[in-house]
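Input: a single structure, listed below in structure tokens.
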Amino acid sequence: MLPQDPYMLLSVVNTKLRDEFSDLDDLCSSLDVDRGRLEEKLAQAGFTYEKSVNQFR
């Protein structure tokens, strides 16, 4: 289960992307997370996924 707080979520997702997953699709598939909802939640806090660095910024 991922945190609901957007800043904690950012930290957890970026750590997992860095350490465990090759891209956001891999993370979402492995964790059974809806990519659209995840991106929307982080976008509300001002973050977008940058594929070139495999991180939300």
I'd like to verify a number: residues in the range 10-27 that are touching a helix residue (DSSP H, G or I) at 6+ places or on another chain (Cβ under 8 Å) and either outside any helix (DSSP H, G or I) or more than 17 Å from residue 53 (Cα to Cα) (or both), how many? 3
Which ones in the range 34-50 are open to solvent by 50 Å² or more (accessible area, probe 1.4 Å) and within 11 Å of the chain's Cα centre (by Cα)? 34, 35, 37, 39, 40, 41, 43, 48, 50
If I go through the range 10-33 residue by residue, how many of them are surrounded by fewer than 11 Cβ atoms within 10 Å (Cβ to Cβ) and of a type outside the set (S, T, N, Q)? 2
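Okay, residues lined up against (1) touching a Leu at 6+ places or on another chain (Cβ under 7 Å); (2) of a type in the set (Gly, Ala, Ser):
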| site | (1), (2) |
| --- | --- |
| 14 | no, no |
| 26 | no, no |
| 30 | no, yes |
| 35 | yes, no |
| 49 | yes, no |
Please work out which residue is nearest to residue 8 (Cα to Cα), limiting yourself to the range 29-57 and to residues that are part of a helix (DSSP H, G or I) and of a type in the set (Lys, Arg). 41
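The values are calculated or read from the model by the stated rules, or taken from the named source; none is laboratory data. Quick caveat, the model's predicted, so the values are computed rather than measured. So basically every Cβ, Gly included, is an ideal-geometry build from the backbone, and we count neighbours across all protein chains shown. With ligands, DNA and RNA removed, areas are computed over all heavy atoms of the protein, side chains included. Shrake-Rupley method; radii C 1.70, N 1.55, O 1.52, S 1.80 Å.
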